[in-house]
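To start, the structure itself, in structure tokens.
The values are calculated or read from the model by the stated rules, or taken from the named source; none is laboratory data. Model, not experiment: these values are computed from the prediction. Cβ placement follows ideal geometry from the backbone for every residue including glycine, while neighbour counts extend to all protein chains displayed. Accessible surface is based on the protein model in full, side chains and every heavy atom, while ligands, DNA and RNA are left aside. Shrake-Rupley method; radii C 1.70, N 1.55, O 1.52, S 1.80 Å.
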Amino acid sequence: MRVLLVDDEPLAIERMRVALTGMSDIEVVGSAGDGEQAGEQIAVLNPDLVLLDVQMPGLNGMELARRLGDGQDRPDLVFITAFNDFAMEAFEVEAADYLLKPVSFERLRIAIDRVRRRRALLEADGRARELRVAVAALHAAPPAESAAVGRYDDGIWVPGRQGAVRVPVGTIDRIEAARDYVLLYTSIRSYILRARMNDIEGRIDPSLMVRVHRSHMVRIESVVRVERPGKGVLRLVLNDGANLQVGPNYQPLVVKALRL
């Protein structure tokens, strides 16, 4: 996968380059320090993925994304930003993921893997159609997950560029709180929604997803391993490789949900 790095801080570019060095099948084809330069590089280099800072002098990352449009030839975009500064605008731009500064190497790897899965789905399908259609078609919630219709939501509506996108609960691997917003992580992209974690928790069937921390909920079926690195410490490993430590107050709920 061909990757273009865009950030106005040379140290940030170098840090991303180092992080990507250890990942297989990744080629960093170039870098840019602002939106104008990035647009020129995209036209010449035709990258598959752009790791894109938002706050830059001149043309910023969000403005560049709008200029690129949403055609099938547009590279995948992963935004790297201070979340509060662009959350409202992010509703309008179809990005594969959103990384919060400072970005950890693990979180960057997860974002790269998410883009890989998305691209593999589109290539296997043979048509560059809207991502939400692929999600709905390939990850439809099974009947058992719809048993609580009426009491719990089986999907969450998220504002998008052309209206709203319905994200089936059965496709969400985990939910992360980010100040006044939540991030919904699926296997192939992330969504941003202005909501409080407590409100979202009340809308989702607890037999499907469990609160593991004040900032995290996980789909029970997404947990692939449970670790106990120390006395009284519980850590979950998810199917996307994410490691989440269970908050002390949530451990009884998690133990019960996972039937440990």
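Annotations for the structure displayed:
- Annotation: amide H-H contacts under 5 Å for Ala178 (H modelled 1.01 Å from N, sequence separation of 5 or more, or interchain): Leu183.
- Heavy-atom accessible area with a 1.4 Å probe sorts Phe79, Phe105, largest first, into Phe105, Phe79.
- Cβ charges +1 (Lys, Arg) and -1 (Asp, Glu), total dipole of the stretch 151-260, debye: 220 debye
- Put simply, the amide H of Val212, placed in the peptide plane, has neighbours under 5 Å in Met217, Val218, leaving out anything fewer than 5 places away on its chain.
- Amide hydrogen neighbours beyond the local backbone of Val165, cut-off 5 Å, H modeled: Val158, Gly160
- Local electrostatic count at Ala257 - Lys and Arg +1, Asp and Glu -1, tallied over other residues with Cβ under 14 Å: +2
- For peptides 109-115, 56-62, sequence by mean Cβ density within 10 Å, most packed first: 109-115, 56-62
- A simple rule links phi to the HN-Hα coupling: the Karplus curve 6.51 cos²θ - 1.76 cosθ + 1.60 with θ = phi - 60°, which for the stretch 226-237 gives 10, 10, 10, x, x, 4, x, 10, 10, 10, 10, 10 Hz, with x for Gly and Pro.
- Centroid-to-centroid separation of the stretch 106-120 and the stretch 195-260 [C-alpha atoms, Å]: 22 Å
- J(HN,Hα) series, the stretch 50-59, from Karplus relation 6.51 cos²θ - 1.76 cosθ + 1.60, nearest Hz, glycine and proline x: 10, 8, 10, 5, 8, 8, 9, x, x, 6
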